[in-house]
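Below you'll find the structure, written out as structure tokens, and then a few comments.
Just so it is clear, none of the values below were taken in a lab; they were calculated from the coordinates. Predicted model only: the values in this text are computed from it and were never measured. Because the Cβ atoms are built from the backbone with ideal geometry, glycine has one as well, and the counts that use them run over all protein chains shown.
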Amino acid sequence: MPELPEVETIRRQLEPAVVGARIRDLDVRDARWCAPIAPAELRDIVGGRRVRALHRRGKYLDWALEGEVHLLMHLRMTGTLLLDPAEVPDHTRVVISLGGHHLLFVDPRRFGTGQLVIGDEELEAFYASRLGVEPFDKRFTPAHLRSLARGRSVPIKAFLLDQRMVAGIGNIYADEALFRTGVHPRRAAGALRPAQYELLRDAIREVLSAGIDARGASIDDFRHLDGARGSFQDRFLVHRRGGEPCVRCGTTIRKLVVGGRGTYVCVHCQPVPRMRRRAGAA
Ligand SMILES: [Zn+2]
């Protein structure tokens with residue numbers, strides 16, 4: 001599933017081709033993509049508008065169009081964007097014609113979405129109800145992270161995957177950040193030592209930056225606009241390395257399930273949390 005670095009990679013590749021261009025047509029071939037708005041209605045609203053800017057917030061790609069019209073794309077599980085491919089692949093859900101380009105939203109599992117938000121204030125409200133702090137925002141301080149986690153007994157991994165806490169982190173980058181921090185994914189989010197929140201904040205930024213530098217990770221469907229793969233999967237220290245020796249200590253990396261997601265851990269570098277004393281503690 002594309003996370004912040006993958007969406008940012010797409011944004012950077014797409015920006016020069018689309019900013020300033022006018023949307024000539026938006027052909028939504030799968031009505032589920034933009035539901036509850038009908039494809040014809042969406043086409044009427046965005047067609048003819050110029051692209052003012054292309055932003056990213058969390059895992060959303062925000063097409064900021066003229067007239068405070070925002071088309072928010074989310075790739076979800078298997079969405080990819082392809083610019084001017086030689087042929088139209090199976091599972092093409094949307095074709096956007098803009099400037100001299102054709103941009104395809106391809107999505108085998110059909111969880112990807114295009115949502116329309118009209119008005120810059122409405123956009124802020126949309127984000128406010130769904131997304132927490134942006135990891136590279138100066139407001140994302142160790143103290144902020146600690147205050148978000150205070151009193152929370154959910155596993156730290158599940159906490160990091162909650163987009164309402166910190167936006168943009170998914171399964172890959174949560175595992176990589178926790179390994180670098182030396183914190184077990186099942187530790188209660190609110191139970192880290194103060195210094196560990198600082199290490200974790202730094203590790204989150206470090207892994208996301210490394211992911212962007214590597215132009216994302218292509219372990220499943222993620223591809224660049226031209227179909228090329230990212231390379232961060234070659235730099236994973238722990239994620240998807242079950243059964244292999246830890247790069248730091250040689251202990252065999254284990255795979256667990258935390259928060260319903262496949263999770264990779266070195267139990268030497270990331271000590272297993274002690275059992276709770278009271279059964280049923282909240
Ligand atoms: Zn280790």
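Working note: Cα gyration tensor of segment 85-241, eigenvalues times five, square-rooted, sorted largest first, giving semi-axes of 32, 21, 13 Å.
Per the Kirkwood definition applied to all pairs of different Cα atoms, how many angstroms is the hydrodynamic radius of segment 1-43?
12.5 Å
Length gained on full extension, A228 to H268, computed as 0.36 nm times the residue gap minus the Cα-Cα distance: 10.8 nm. For segment 227-275, a/c is not less than 1.5, where a ≥ b ≥ c are the root eigenvalues of the C-alpha gyration tensor, and a/b does not top b/c. That puts it in the oblate class. Per-residue 3J(HN,Hα) values for segment 236-249, derived from phi via the Karplus relation 6.51 cos²θ - 1.76 cosθ + 1.60 with θ = phi - 60°, read 4, 8, 9, 4, 6, 10, x, x, 8, x, 4, 5, 9, 10 Hz in sequence order (x marks Gly and Pro). Note on E122 and R109: their simple-model spin labels are 3.0 nm apart, each label 7 Å out from Cα toward Cβ. Lysines near K138 by alpha-carbon distance under 19 Å, same-chain residues fewer than 8 away left out - which ones? Here the lysines satisfying the reach criterion relative to K138 are K59.
Backbone amide hydrogens, once placed in the peptide plane, bring I23 within less than 5 Å of G48, R49, R50, V51, excluding anything fewer than 5 places away on its chain. Expressed in units of 2.2 N^0.38 Å, where N is the residue count, the Cα radius of gyration of segment 1-146 is 1.04. Where only DSSP H runs of four or more residues are counted, the chain gives -8500 deg cm²/dmol as its mean residue ellipticity at 222 nm, each run worth -39500 (n - 2.57).
Let me spell out the model: positive unit charges on the Cβ of Lys and Arg, negative unit charges on the Cβ of Asp and Glu, origin at the Cα centre of the chain. What dipole size does that give, in debye rounded to 20?
Values: 45 positive and 34 negative charges, 371 e Å.
In total the dipole reaches around 1780 debye.
With a cut-off of 12 Å between beta carbons, the residues surrounding H91 carry a summed charge of 0, where Lys and Arg count +1 and Asp and Glu -1. Solvent-free Debye calculation, one equal scatterer per alpha-carbon of segment 155-282: log10 I(q)/I(0) at 0.10, 0.15, 0.18, 0.22 Å⁻¹ equals -0.32, -0.70, -0.99, -1.41. For A203, what is the net charge nearby, where nearby means another residue's Cβ is under 12 Å from its Cβ and Lys, Arg count +1, Asp, Glu -1? Cβ neighbours under 12 Å give a net charge of -2. Think of segment 143-282 as a dipole: +1 on every Lys or Arg Cβ, -1 on every Asp or Glu Cβ, centred on the Cα centre; then among H144, I204, G170, H144 lies furthest on the positive end.
Estimated at 0.36 nm per residue, the fully extended path between R32 and R139 surpasses their Cα-Cα distance by 34.9 nm. A P(r) calculated from all alpha carbon pairs of the chain, with 5 Å bins opening at zero, reads 1, 6, 12, 16, 17, 15, 12, 9, 7, 4, 2, 1, 0 percent. Segment 75-106 and segment 213-231 have Cα centres spaced 15 Å apart.
When the Cα atoms of segment 39-113 are aligned to their principal axes, the ranges along those axes come out at 33, 29, 21 Å in descending order. The long axis of helix 194-213 is offset from the longest Cα principal axis of the chain by roughly 40 degrees.
For Y60, no residue whose modelled amide H falls within less than 5 Å of its own remains once neighbours fewer than 5 places apart on the same chain are excluded. Taking amide H atoms as placed 1.01 Å from N in the peptide plane, the amide H of L256 lies under 5 Å from those of T263, Y264, V265, each 5 or more residues away in sequence or on another chain.
Only Lys, Arg, Asp and Glu count, each charged at its Cβ (+1, +1, -1, -1), so figure out the dipole size of segment 91-158 about its Cα centre, rounded to 20 debye.
Using Cβ point charges on Lys, Arg, Asp and Glu, segment 91-158 gives about 560 debye.
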